[in-house]
Amino acid sequence: MEDERIKEIKEIIQSIEKNLQDYKDKMEKVLLRQWELQKQLADTEEKAHEATNLRIEYEKALQENETLRQEMAKLKM
């Protein structure tokens, strides 16, 4: 009777250990995916920042171009 009780307890412990290992494996996958997404987000934010800077440079170039056109128009008169 006691041996059977010990056997049941060992089986329960083994089941718990397996569940814990499964949970650990799942959490590692989740953390890896989270890290990948954070890296992707950082890359996307960097690209958005670069795009914003390019847009600002483009607007400045347009403005400078318009100024030069106006100056050329004055010189032609």
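The values are calculated or read from the model by the stated rules, or taken from the named source; none is laboratory data. Predicted, not measured: the structure shown is a model, and the values here were computed from it. Glycine gets a Cβ as well: all are built from the backbone with ideal geometry, and neighbour counts include every protein chain shown.
Whether any residue in the stretch 33-46 is under 21 Å from the mean Cα position of the chain (by Cα) and among the aromatic types (F, W, Y) is what I want to check. Yes, the stretch 33-46 contains at least one residue that is under 21 Å from the mean Cα position of the chain (by Cα) and among the aromatic types (F, W, Y). A single entry from K39, K74 fulfils the requirement of being modelled with pLDDT of 95 or more and either in a helix (DSSP H, G or I) or surrounded by 10 or more Cβ atoms within 10 Å (Cβ to Cβ) (or both): K39.
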